[in-house]
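The values are calculated or read from the model by the stated rules, or taken from the named source; none is laboratory data. Here the structure is a predicted model, which is why all the values come from computation and not from measurement. So basically every Cβ, Gly included, is an ideal-geometry build from the backbone, and we count neighbours across all protein chains shown.
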Amino acid sequence: MRVLGIETSCDETGVAVFDEDNGLLAHAVYSQVELHSQYGGVVPELASRDHVQKLLPLINQTLVAASTTPGSIDGIAYTAGPGLIGALLVGASLARSLAFALGKPCVGVHHMEGHLLAPMLEEHTPSMPFVALLVSGGHTMLVEVSGLGCYRVLGQTLDDAAGEAFDKTATLLGLSYPGGPALADLARQGTPGRFKLPRPMIRKPGLDFSFSGLKTAVMLAEREETLDTQGRADLAAEFQAAVVDTLSAKCRRAMRQTGVKTLVVAGGVGANRSLRERLTVLATEEGWALFFPRPEFCTDNGAMIAYAGMLRLRAGERIPLIIEARARWGLEDLKPPGLGETVA
Ligand code: KG4
Ligand code: ZN
């Protein structure tokens, strides 16, 4: 089965063709970063309009790169939520209409299901059950994955997502949008420990996270003294260390609590080198199998949607002839294929 995947939940237009027998045939991501950078964050209406302009040419380009014609596609998968509703509706409308015109089945994929299955795009893939640490711009959660659509949220952020904390802290430090990668670069030139930031919720029982206090602590530290370049780098390094300490401590707790021996890390913050290094050391110490998608599959992309959609289409799941998307959509509302529609 050959599936066209379409991702438009936020500020990246992603398209991919995944083939059940031959793997990923082609994928392309168009990032709107330049468009939004002058505003310091994503402007939803601009995001929607840009998806309208970029999506169809990107589909054509990706089909050519995959040496595939529209007629040889067996189904279309698109991100149905959660995300920016206008942006989602662009992908939903195009995917549903194209599938109708081609007489092919269509399925709506949960964006976070896409992220947590992204390691399946690699050569060495995790087997279920596994625990997934999903760390993106909109979500931070630990999920026990026992099968496709069988997800138990073990803990999640009570306020800001990890990526959001990276982005907001980057803004405080005068870095340009998108802040996460820029802050990680700055942190590499600094030393953690000169500033003392909290490790939020680390001593509290449970698996929830909270990152908004950390961002405030950075703001206070930054106000207390005028920081030179080295000072900003040291503060960035301490912030990153605090996030990495917190995420890795909660991963260890989740693994011990569930008894699961495989950890998957996905979502944009999963591209962070320091987090990857720390979890690699921890996995060796604790005897876990650890899986990360390559950095380009940690951030938003069409390949993860094509893959998740292929699994659901292959199992017979289809959406009716409606165009629908959800801005909010809990991961635990998902069901295994065959037990319900992905979009209500
Ligand atoms: O998964 P993603 O591409 O989009 C969402 O679904 O949100 O994640 C984007 C988030 C942004 O907050 C971005 O700053 C963060 O991931 N991010 C990083 C890094 N690369 C992306 N944060 C820290 N270090 C990175 N290297
Ligand atoms: Zn994402």
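Go over the candidates VAL29, VAL42 one by one and state the one that is within 20 Å of the chain's Cα centre (by Cα) and assigned to a strand (DSSP E or B).
VAL29
For the condition under 30 Å from ARG203 (Cβ atoms), of a type in the set (A, V, I, L, M) and surrounded by fewer than 22 Cβ atoms within 10 Å (Cβ to Cβ), what is the one hit in ALA249, ALA315, ALA327?
Just one listed residue meets the conditions, ALA249.
Suppose we filter region 97-140 for residues that are over 19 Å from ALA161 (Cα atoms), assigned to a strand (DSSP E or B) and either within 16 Å of ligand 2 (Cβ to nearest atom) or of a type in the set (Ser, Thr, Tyr) (or both); how many remain?
Residues meeting the conditions: 2.
How many residues does region 268-306 hold that are polar (S, T, N, Q) and within 13 Å of ligand 1 (Cβ to nearest atom)?
The number of residues fulfilling the criteria is 4.
Does region 186-194 contain at least one residue that is of a type in the set (Gly, Ala, Ser), more than 21 Å from the chain's Cα centre (by Cα) and over 20 Å from SER136 (Cα atoms)?
Yes, some residue in region 186-194 is of a type in the set (Gly, Ala, Ser), more than 21 Å from the chain's Cα centre (by Cα) and over 20 Å from SER136 (Cα atoms).
Report the residue count in region 4-24 for those that are within 16 Å of ligand 2 (Cβ to nearest atom) and aliphatic (A, V, I, L, M).
Of the residues in that region, 3 qualify.
For a quick check of your reading of the model, give me the residue pairs whose first member lies in region 150-163 and is within 10 Å of LEU134 (Cβ to Cβ), whose second is among the hydroxyl-bearing types (Ser, Thr, Tyr) and crowded, with 16+ Cβ neighbours inside 10 Å, with beta-carbon atoms closer than 9 Å and at least 6 apart or on different chains.
Between residues of region 150-163 that are within 10 Å of LEU134 (Cβ to Cβ) and residues that are among the hydroxyl-bearing types (Ser, Thr, Tyr) and crowded, with 16+ Cβ neighbours inside 10 Å, the close pairs are GLN156/THR140; ALA161/SER136; ALA161/THR140; ALA162/SER136; ALA162/THR140; ALA162/THR246.
Does region 160-194 hold any residues that are crowded, with 22+ Cβ neighbours inside 10 Å, assigned to a helix (DSSP H, G or I) and not hydrophobic (A, V, I, L, M, F, W, C), and which are they?
GLY163, GLU164, ASP167, THR169, GLY179, GLY180
Just name the residue that is nearest to ligand 2 (Cβ to nearest atom) out of those in region 153-172 that are of a type in the set (A, V, I, L, M, F, W, C) and modelled with pLDDT of 95 or more.
Residue satisfying both the conditions and the ranking: ALA161.
Yes or no: region 234-248 includes at least one residue that is within 16 Å of ligand 1 (Cβ to nearest atom), within 22 Å of the chain's Cα centre (by Cα), more than 19 Å from ASP167 (Cα to Cα) and at pLDDT 95 or above.
Yes, region 234-248 contains at least one residue that is within 16 Å of ligand 1 (Cβ to nearest atom), within 22 Å of the chain's Cα centre (by Cα), more than 19 Å from ASP167 (Cα to Cα) and at pLDDT 95 or above.
Of all residues in region 50-75, which are crowded, with 19+ Cβ neighbours inside 10 Å and closer than 16 Å to ASN22 by Cβ?
If the condition is that a residue be crowded, with 19+ Cβ neighbours inside 10 Å and closer than 16 Å to ASN22 by Cβ, then THR62, LEU63, ALA66, ILE73, GLY75 are the ones that fit.
Restricting attention to region 122-140, and to residues there that are more than 12 Å from ligand 1 (Cβ to nearest atom) and under 14 Å from the mean Cα position of the chain (by Cα), which single residue is surrounded by the most Cβ atoms within 10 Å (Cβ to Cβ)?
Within region 122-140, the match that is surrounded by the most Cβ atoms within 10 Å (Cβ to Cβ) is ALA132.
Of the residues in region 8-17, how many are in a strand (DSSP E or B) and either within 12 Å of ligand 1 (Cβ to nearest atom) or in contact with a Gly (Cβ under 6 Å, 6 or more places away or on another chain) (or both)?
So the count comes out to 4.
Within region 46-58, can one find any residue that is touching a Ser or Thr at 6+ places or on another chain (Cβ under 8 Å) and among the charged types (D, E, K, R)?
yes
Could you check, for region 276-288, whether at least one of its residues is out of contact with any Ser or Thr (no Cβ under 8 Å at 6 or more places or on another chain), within 27 Å of SER97 (Cα to Cα) and either in contact (Cβ under 8 Å) with a residue 24 or more places away in the chain or assigned by TED's automatic domain parsing to the domain that holds VAL90 (or both)?
no
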